[in-house]
1. Scan around Leu315 for amide H atoms under 5 Å from its own, H built in the peptide plane at 1.01 Å from N, and keep only partners 5 or more places away or cross-chain.
2. So for Cys468, Cys547, fewest C-beta neighbours within 10 Å to most, what's the order?
3. Whole-Hz Karplus ³J(HN,Hα) for segment 70-77, in order, using 6.51 cos²θ - 1.76 cosθ + 1.60 and θ = phi - 60°, x for Gly and Pro?
4. Among DSSP bridges having both ends in the chain, what percentage is antiparallel? Round to the nearest 5.
5. Measuring from a point 7 Å past the Cα of Ala643 along Cα-to-C-beta, which residues in segment 599-637 have an amide N at less than 19 Å?
6. If you place +1 on the Cβ of every Lys and Arg, -1 on the Cβ of every Asp and Glu, and leave all else neutral, what size is the dipole of segment 411-481 about its Cα centre, to the nearest 20 Debye?
7. In whole angstrom, how far apart do the alpha carbon centroids of segment 405-420 and segment 468-491 sit?
8. Using each residue's phi in segment 92-100, evaluate 6.51 cos²θ - 1.76 cosθ + 1.60 at θ = phi - 60° and report the 3J(HN,Hα) Karplus result to the nearest Hz, with x for Gly and Pro.
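Just so it is clear, none of the values below were taken in a lab; they were calculated from the coordinates. Computed from a predicted structure; not experimentally measured. With ideal geometry, Cβ positions are generated from the backbone for all residues, glycine too; neighbour counts draw on all protein chains shown.
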Amino acid sequence: MAVQKEPDYAIDYGDPAASAGISVFSEQFDDAFYYDGDDLGARYAADGTDFKLWAPTAFEAFLVLYESWQGEPQQVLAMERSVKGTWALTVREDLEGRYYTYRVRIGDQWNEAVDPYARAVGVNGDRGYLTDLSRTTPSAWLKTDDGLQDAGPEPVSAVDAVIYEVNVRDFTVHPASGAAHKGKFLGLSESGTRGPGGIKTGLDHLADLGVTHVQLMPVYDFSTESVDETRLEDGQYNWGYDPKNYNVPEGSYATDPYDPAARVRELKELIAALHSRGLRVIMDVVYNHMYDAYRANLTKLVPGYYFRYKSDGTLSDGSFCGNEMASERRMVRKFILDSVLYWAKEYRMDGFRFDLMGLLDVGTMTEIRMRLDEIDPSMILIGEGWIMETELPWPDRANQQQADRLPRIGQFNDVLRDAVKGNIFDAQWSRGFIGGDTQAAFGVKLGIVGGIPYHEGMKLFAQEPGQCVNYAECHDNRTLWDGISLSAGERPEEVRRQMHRLASAIVLTSQGIPFLHAGQEFMRTKNGVENSYNSPDEINMMDWDRCFERRDDVAYLKALIALRAGHPAFRMRSAEEIRSRLYFEHAAEHCIAYTLRDHAGGDAAAHLYVLYHAAEGDTTLYLPELGEWKIVFGVEHVRRLEAAILEAGGIGMIVLAVS
Ligand code: CA
């Protein structure tokens with residue numbers, strides 16, 4: 001989202017004399033300086049705080065203590081060089097409430113940086129903060145033992161999940177949201193809020209839908225250039241895909257960004273509130289790039305180490321945001337791993353969504369999966385496994401092509417997305433299957449089977465259905481409603497509404513992991529804005545007036561989620577089972593029909609028949625003779641059902657069952 005910055009000062013990459021003659025750019029650097037201790041950062045205790053910093057190319061390192069987020073230092077204390085390029089210092093006094101930074105000399109240059117391992121920071125994240133984090137633990141968590149995710153909902157298999165993507169601010173910032181803390185962590189934590197027409201809003205609305213997982217768009221501290229936490233009254237807006245401090249929540253979502261404990265406590269309270277309603281939480285993490293590689297704390301401390309460079313010395317830029325993190329370097333991998341585990345344990349996150357995962361390396365992702373399994377194997381890992389240009393060698397890229405080496409990590413299925421509603425980048429906006437594009441049916445089928453190798457001529461990237469995240473809409477690109485308005489604007493509103501419903505129906509009945517964008521239930525519109533990452537609230541906010549007006553559509557989506565929950569046939573666990581139980585049936589070319597046979601997935605129904613009907617008129621279909629078919633879903637589209645004949649009418653989904 002950011003524009004590449006030129007360095008605003010000449011970077012000193014360090015004199016190898018400081019690092020035993022080994023250049024930060026050389027491969028030997030990792031061998032010489034990989035440090036596997038678990039004590040990096042500041043370990044606060046009332047009787048003394050231990051500081052440990054990794055900075056092998058520094059000649060000198062100091063701890064700088066401050067009384068406040070602004071003003072001059074109180075104390076500057078020399079750190080001692082320790083093993084593997086680390087620096088250590090213990091301060092034997094109670095540092096509660098003090099702010100800190102590190103000052104290092106790299107070559108002839110002095111750099112001051114926030115501790116990359118800081119767990120609390122002052123406003124705008126420009127200084128670390130020392131406090132006893134146990135004081136931020138929500139009361140709900142104090143009642144449970146020290147186990148990790150035990151306070152949350154029961155674990156579910158990845159294909160049992162229904163993920164719902166939420167932006168903290170969007171969800172309650174609308175004037176009619178009924179929330180007291182609009183746009184904040186606490187706003188989304190509020191129960192009992194009501195909106196226009198007395199509808200449930202905020203958390204109540206969310207919990208009512210029946211989704212299992214809430215995916216929070218970036219909640220870590222993002223850059224001041226995106227949102228300045230000292231000017232919150234100015235109506236700034238940004239999604240925050242530009243990390244500043246990886247291990248600290250964003251200040252603008254806290255009731256008081258100047259109180260370093262508030263953001264920590266309030267995010268934890270949000271997670272506890274979601275857990276208390278049976279919802280698990282997935283955190284959207286952006287370890288693939290930072291806002292500004294030159295001014296990042298990581299660069300100030302170990303210049304040249306953390307980012308990927310091309311052979312000409314310029315930064316690799318697969319993210320189109322100016323830089324990429326070099327996840328394959330051992331201390332970068334460790335930093336990412338430490339960060340993920342910290343959020344999982346301290347904040348009880350139930351899963352992670354990796355932004356531009358295709359820029360991270362396979363080794364890092366598989367190690368994250370392994371380490372999270374030690375905490376809770378039901379944690380969900382998903383990522384954007386796009387095939388992207390990067391300096392990382394292609395076999396190492398954690399993308400769709402390497403899915404066989406990334407077991408139990410879900411990847412977004414762009415093939416289904418584009419087949420359902422049309423290509424997102426095509427200016428002419430191809431109509432997709434819901435718009436009557438019969439060529440798109442094959443792409444939809446690839447999603448229906450969960451992206452697995454269904455047969456020789458039909459396979460996508462996944463090996464197992466849990467690796468395939470099916471969706472028609474997310475925060476990126478136009479909303480589904482805005483896309484349909486563009487591709488089928490000349491068609492009556494009622495027809496467009498049916499197209500939208502059919503798209504959601506396909507997502508929620510396909511094998512794999514279904515993913516919804518907040519507001520999809522009321523056909524969210526951003527007035528056609530294609531990339532609303534910094535658009536004002538008016539474009540981005542959840543419009544509770546629209547939610548009230550389209551309460552029938554909300555009820556429809558709820559019914560889809562309930563249909564999926566009630567029928568394990570839509571949630572088959574393995575590729576093998578899908579291959580043996582899912583049969584595509586003959587149908588006219590504007591239709592897709594398939595059966596899920598023989599109690600697929602342990603379903604109570606003997607057989608299910610699913611029809612996606614993408615034509616406004618009527619179609620006659622011949623049903624497989626497996627017993628007496630009865631209507632389970634979509635009765636409004638059934639014109640006639642007699643023995644082996646189904647007559648379907650209008651754009652929509654019909655599900656039949658033989659009991
Ligand atoms: Ca921030």
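1. HN-HN under 5 Å from Leu315: Lys310.
2. Cys547, Cys468
3. For segment 70-77, the Karplus-derived couplings read 10, x, 7, x, 8, 9, 10, 10 Hz, x marking Gly and Pro.
4. On the way: 68 of 94 bridges.
The antiparallel fraction comes to roughly 70 percent.
5. 620-631
6. In debye, rounded to 20, segment 411-481 gives about 140.
7. Cα centres, segment 405-420 to segment 468-491: 17 Å.
8. With the stated coefficients, segment 92-100 comes to 8, 7, 7, 9, 3, x, 9, 9, 8 Hz.
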